[in-house]
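Worksheet: the structure to be examined is printed underneath.
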Amino acid sequence: MEELLAILKGLHPDVDFEKEDRLVEDMILDSFDIVTLVAEINDKFDVEILAEHLIPENFNSAEAIYNLIRELED
């Protein structure tokens, strides 16, 4: 989780990603952020996030993103 939080902080240092749970809905993460995030996650965690995974529910919080990563690692 710490590695993911570091990636997220690199995108938006001013956001408290441990508390925020509406990253997409509140437009904190835009489409460019998502593309960047997916590329960094794919590299860092050696997983492949497919188009079918690109739904707001998977990216609204750091916890949701981390759960997606863990699911893809299995």
Discussion item. Placing one identical point scatterer on every Cα of the chain and ignoring solvent, what is log10 I(q)/I(0) from the Debye formula at q = 0.14, 0.21, 0.25 Å⁻¹?
Written reply: -0.36, -0.87, -1.31
Worksheet item: Can you give the angle from 0 to 90° between the axis of helix 2-11 and the longest principal axis of the chain, with both taken from C-alpha atoms, to the nearest 10?
Response: 50
Worksheet item: Which length gain, in nm to one decimal place, applies between Met27 and Glu3 when the Cα-Cα distance is subtracted from 0.36 nm times their residue separation?
Response: 6.4 nm
Worksheet item: Which trypsin sites (Lys or Arg not before Pro) in the chain pass both tests, a DSSP loop state and at most 15 other beta-carbon atoms within 10 Å?
Response: Lys19, Arg22
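All of the numbers you see were taken from the coordinates with simple rules; none came from a lab. As the structure is a computational prediction, the values presented were derived from the model and not from experiment. Please note: Cβ atoms are built from the backbone with ideal geometry, for glycine as well, and neighbour counts cover all protein chains shown.
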